[in-house]
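Accompanying notes for the structure given below.
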Amino acid sequence: MGGVVRFARMALSGIVGIIVWQVWATFVVRNPLFLPAPYAVLRSAIEVARSGELLGNILVSLSYFAVGSAAGFLGGVFLGVFLGASQAVAEYIDPWVSAAYTAPLVALTPLLIIWFGIGLWSKTVIIALLVIFPVTIGTVAGIRSTDQTLLEVARSLGANRADTLRKVMVPWALSFILSGARIGVGRGVIGIFVAELFGGASKGIGLMINNAAQVFNTPLLFVGIIVLAVMGIGVTTLLRFLERRMAPWRTQSVV
Amino acid sequence: MKLRVENLQVMFDRAGDPPLTVLDRVDLEVQPAEFVSVVGPSGCGKTTLLRCLGGLQAVRAGRITVADRPVAGVDHRVAMVFQSDSLFPWRTVAGNIAFGLEVRRHPKARTARTVNELVGLVGLAGFERAYPHQLSGGMRQRVNLARALAVDPEVLLMDEPFSSLDMQTREAMQLELLRIWSHRRKTVLFVTHQIEEAVFLSDRVLLMSRRPGLIRKEITVSLGRPRNSRARHTPEFHALVDGLAELLSQELATPQRAAVEP
């Protein structure tokens, strides 16, 4: 029941938003260059979809996004476990992680292209870099917040450090790890756009957006942005689903 | 196995202040398969005493032995039942009970057999795959007890395991504990702040003083075994409870004493 009401409200919000957008674009702005109406965006989407261009672009972006995110996620968990488990290591590495988390890493894209070439490698690396630090920070926060009593239970039953880490701290931190991943994915989606802005790629959603912008094809620009948003929402929803499946005892997300 | 504590002293360091003496020369003995409770005013160091025996708290001085062999740190012969909600929420009932056996690297088949036995013993058959958040408080405490029994300790330490349960569940769990204990005759040291609980369960009740804690009095419980809930309505039971309550209120009325220097 609650789920139905929630869904109905979200759907209503979406429909009203699109109607307002359509009315605003048609009667107030009246210039598709400044604001394309949803209908024009839809037409543009159908056009690029029919030509196969859209799917090709999505597949290219999705391929390095998936590989980069997965690498960033795994790297983040490892780094986070490492930092969470040892206070001394954490003190050495923490400033670097904090700096890397805060720094606008996308600005490194030109440099990464020089290092890794204009192909998919540089793009994969930038996505991985954007994902790894939020996951690291989430993992560390999760591991450090492990319930003291549970740690004592484990110790009292004879668990060594490795057991405690693997069987108590990491499971405890799972929700935090997935929260970090959600933030990372949001950053990664921005990364798709920026990587292809510099990237000299031949295909990709980011490239499609950039090309549309250069010829002032604003409906296509919107199509690209919406596709990226949907990709982001898709992965985020998947992560939330995983979190509910794997950590059903938490009634609320930790972040 | 016999548990013996001699001259146990524990101090807590406090920033800026002199260290706080929490336990001061505690002596006690629990005979093999004896059930002994410790009661005392809150803050008297009951839990600290248990944590020392469980190897979770460093001691300043004194000696703890099980079967005349010293206990230093976490010891495989000692298992602890913590207060409620100390189950691993991501593990099922069976997974929680198996934890100690897993980390002690018992073979899988034997672990499964032990877990199965204990699930039955604590009355949770059919709930093996349930998660703690799906269980009632009483059921969670059954799992908690089974998890400690699974590692087959010589000594079982119980730290107010029923304190968060409502009255009815609590009394039911006390009976359950006695039933389970009759099947697994461990040496038990049970900490509680409830006098009735201590009397109902125990062979002996130790009364602790206010902080710094030491054993002030020892009362032998004359009620026979096996006990059922009728034991709560006997004159002996009431006499013992009243006597202990009287001692406890006397203890609360005496001024706090200074710690003896080691």
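Coordinate-derived values only; no laboratory data. Since the structure is predicted, the reported quantities are computational estimates derived from the model, not experimental observations. Cβ placement follows ideal geometry from the backbone for every residue including glycine, while neighbour counts extend to all protein chains displayed.
Since only B:Pro107, B:Val5, B:Ala130 are under comparison, the one whose Cα sits farthest along the positive direction of the charge dipole of the range B:1-138, derived from C-beta charges on Lys, Arg, Asp and Glu, is B:Pro107. Over all other residues within a Cβ to Cβ distance under 14 Å of B:Gly62, the charged ones net out to +1, with Lys and Arg as +1 and Asp and Glu as -1. Assuming a viscosity of 0.890 mPa s and a temperature of 25 °C, what translational diffusion coefficient in µm² per second does Stokes-Einstein assign to chain B, Rh being the Kirkwood radius over Cα pairs? The Stokes-Einstein estimate is 129 µm²/s.
Cα centroids of the range A:98-160 and the range B:79-126: 34 Å apart.
Sorting A:Arg244, B:Arg51 from the fewest to the most surrounding beta carbons within 10 angstrom yields A:Arg244, B:Arg51.
Mean per-residue shielding of peptide B:67-77 is 1, counting Cβ atoms of other chains within 10 Å of each Cβ. Computed from Cα atoms, the angle from the helix B:235-253 axis to the main principal axis of chain B rounds to 50 degrees. The value given for the range A:45-246 is a Kirkwood hydrodynamic radius of 18.2 Å, derived from the mean inverse Cα-Cα separation. Placing +1 on the Cβ of every Lys and Arg and -1 on the Cβ of every Asp and Glu, with nothing else charged, gives the range A:45-246 a dipole about its Cα centre of roughly 340 debye. Comparing B:Ala146, A:Val81, A:Ser13 along the charge dipole axis of the protein assembly as shown, the residue lying farthest to the positive side is A:Ser13, per the Cβ-charge model. Taking 19 Å as the straight-line reach from the Cα of B:Lys2, the lysines in range (excluding those fewer than 8 positions away in the same chain) are B:Lys186.
Straight-distance candidates among the lysines for linking to A:Lys123, with alpha-carbon spacing under 21 Å and chain neighbours fewer than 8 residues away dropped: A:Lys203.
For peptide A:156-166, the mean count of partner chain Cβ atoms within 10 Å of a residue's Cβ comes to 5.
In this label model, A:Trp249 and B:Arg179 are separated by 2.6 nm, measuring between points 7 Å along each Cα→Cβ vector. With equal scatterers on the alpha carbons only and no solvent term, can you work out the Debye log10 of I(q)/I(0) for the protein assembly as shown at 0.11 1/Å? Log-scaled intensity ratios, in q order: -0.98.
Distance between the modelled labels on B:Arg14 and B:Asp85, one decimal in nanometres: 2.7 nm (7 Å Cα→Cβ projection). For the range A:1-69, trypsin sites (Lys or Arg not before Pro) meeting the loop criterion (DSSP other than H, G, I, E, B) and having at most 12 other Cβ atoms within 10 Å: A:Arg30. The range B:181-249 and the range A:53-70 have Cα centres spaced 69 Å apart.
I'd like to verify something in chain A: which complete DSSP H helices, judged by Cα projection on the helix axis, reach 30 Å or more and average at least 1.0 on the Kyte-Doolittle scale? Those that pass (Cα extent of 30 Å or more, hydropathy at least 1.0) are A:2-23, A:53-85, A:120-144, A:170-199, A:218-246.
Charge tally for A:Val97 (other residues, Cβ to Cβ under 15 Å; Lys, Arg +1; Asp, Glu -1): 0.
In a solvent-free Debye calculation with one equal scatterer on each Cα, what is log10 I(q)/I(0) for the range B:87-152 at q = 0.13, 0.29 Å⁻¹, listed in the order of the q values? The calculated log intensity ratios at q = 0.13, 0.29 Å⁻¹ are -0.27, -1.37. Can you tell me the 0 to 90 degree angle between the C-alpha axis of helix B:93-103 and the longest principal axis of chain B, rounded to 10? With rounding to tens, the tilt is 70 degrees. Residue by residue along B:127-140, Cβ atoms of other protein chains within 10 Å of the local Cβ number 1 on average.
The charge dipole of the range B:87-152, taken about its Cα centre with unit charges on the Cβ of Lys, Arg, Asp and Glu (plus for the first two, minus for the last two), comes to roughly 160 debye.
Over chain A, with a Gaussian network built from C-alpha contacts below 10 Å, which listed residue (A:Gly224, A:Gly234, A:Gly56) shows the highest mean-square fluctuation? Comparing A:Gly224, A:Gly234, A:Gly56 in a Gaussian network model of chain A, the most mobile one is A:Gly234.
Descending by average beta-carbon neighbour count within 10 Å, the peptides B:28-39, B:228-239, B:204-215 line up as B:204-215, B:28-39, B:228-239, the highest first. In this simple spin-label model, placing a label point 7 Å from the Cα along the Cα-to-Cβ direction at both A:Ile118 and B:His76 gives a separation of 6.6 nm.
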